[in-house]
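Student: If you scroll down you'll find the structure; I have some questions about it.
The values are calculated or read from the model by the stated rules, or taken from the named source; none is laboratory data. In this text the structure is predicted, and so the values were computed from the model without any measurement. Using ideal geometry, Cβ is built from the backbone for each residue, glycine included, and neighbour counts are taken over all protein chains shown. Heads up: the accessible areas ignore ligands, DNA and RNA and are worked out on the full protein's heavy atoms, side chains in. Shrake-Rupley method; radii C 1.70, N 1.55, O 1.52, S 1.80 Å.
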Amino acid sequence: VQLQASGGGLVHPGGSLRLSCAAASDWNFSLYNIAWFRQAPGKERDFVASINWRGGSTDYADSVKGRFTISRDNAKKMVWLQMNSLKPEDTAIYYCAADPRRLGRIPASYAYWGQGTLVTVSS
C-alpha cells in the first residue's frame, strides 16, 4: 500500500491550500478509510480530518472545523484536504493515513501512512 501526499507550501495567513493524497494504482482504495494528521515541530501528531471509505461520513478537529474540508474520489483514488483561512498555527507537516477497518482520531488507528507534505503559514 502506497500513499503520496502533496500540495504543501508557503502561504500567507488567510490564504488557502489544497492538499492531495494519492494511492498507488494497484490498490483497492475504495475500501479504505482515510485521515489527515499534522505534526508541528516538537509536538505530537494531531488529528485533522477523516473520511470513511464511502465518503459519506467526515470528522474534523475543532481547530479546523469550518475552515478545512476533506473529500475523496474513489475512481481517481484521491483524497483532498481543502484548507481555507489558514493561520500560523496551521503550520505543520501534514500526513495522510489509511486503514481498511478503523476510523478515528488516533494515529495508531491507521496502518498505512504517506510521507507528509509541509505547510507553512507565515507573513
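Student: Which of the residues spanning the stretch 37-51 are open to solvent by 80 Å² or more (accessible area, probe 1.4 Å) and of a type in the set (Gly, Ala, Ser)? I'd like the intermediate steps shown before the answer.
Tutor: Initial filter on the stretch 37-51 (open to solvent by 80 Å² or more (accessible area, probe 1.4 Å)): 41-44.
Passing the criteria: only 42.
Student: Collect the residues in the stretch 74-88 that are at negative phi and at pLDDT 95 or above, keeping them in residue-number order. Step through it out loud before you land on a result.
Tutor: We begin by selecting, within the stretch 74-88, every residue at negative phi; these are 74-76, 78-84, 86-88.
Within the stretch 74-88, 79, 80, 81, 82, 83, 84, 86, 87, 88 qualify.
Student: Restricting attention to the stretch 84-102, and to residues there that are closer than 20 Å to residue 113 by Cα and of a type in the set (A, V, I, L, M, F, W, C), which single residue is surrounded by the fewest Cβ atoms within 10 Å (Cβ to Cβ)?
Tutor: The residue in question is 93.
Student: Is one or more of the residues making up the stretch 22-32 among the hydrophobic types (A, V, I, L, M, F, W, C) and at pLDDT 95 or above? Walk me through it before giving the result.
Tutor: From the stretch 22-32, those among the hydrophobic types (A, V, I, L, M, F, W, C) are 22-24, 27, 29, 31; that's our starting set.
Narrowing the set further to residues that are at pLDDT 95 or above leaves none.
Checking the stretch 22-32: not a single residue is among the hydrophobic types (A, V, I, L, M, F, W, C) and at pLDDT 95 or above.
Student: Between a first residue in the stretch 76-95 that is over 21 Å from residue 58 (Cα atoms) and assigned to a strand (DSSP E or B) and a second residue that is open to solvent by less than 40 Å² (accessible area, probe 1.4 Å) and of a type in the set (A, V, I, L, M, F, W, C), which pairs have beta carbons less than 7 Å apart while being 6 or more apart in sequence or on different chains?
Tutor: 92/40; 92/119
Student: Residue by residue through the stretch 10-26, note down the ones that are touching a helix residue (DSSP H, G or I) at 6+ places or on another chain (Cβ under 8 Å) and farther than 12 Å from residue 90 by Cβ. Lay out the reasoning, then the answer.
Tutor: Residues of the stretch 10-26 that are touching a helix residue (DSSP H, G or I) at 6+ places or on another chain (Cβ under 8 Å), as a first pass: 13, 23.
Answer for the stretch 10-26, where residues must be touching a helix residue (DSSP H, G or I) at 6+ places or on another chain (Cβ under 8 Å) and farther than 12 Å from residue 90 by Cβ: just 23.
Student: Something else about it: Which of the strands (runs of 3 or more DSSP E) found entirely inside the stretch 15-72 contain at least 3 residues meeting this: of a type in the set (Gly, Ala, Ser)?
Tutor: Working: elements: 17-23, 33-39, 45-51, 58-60.
Because the criterion is at least 3 residues that are of a type in the set (Gly, Ala, Ser), the strands (runs of 3 or more DSSP E) in the stretch 15-72 that meet it are 17-23.
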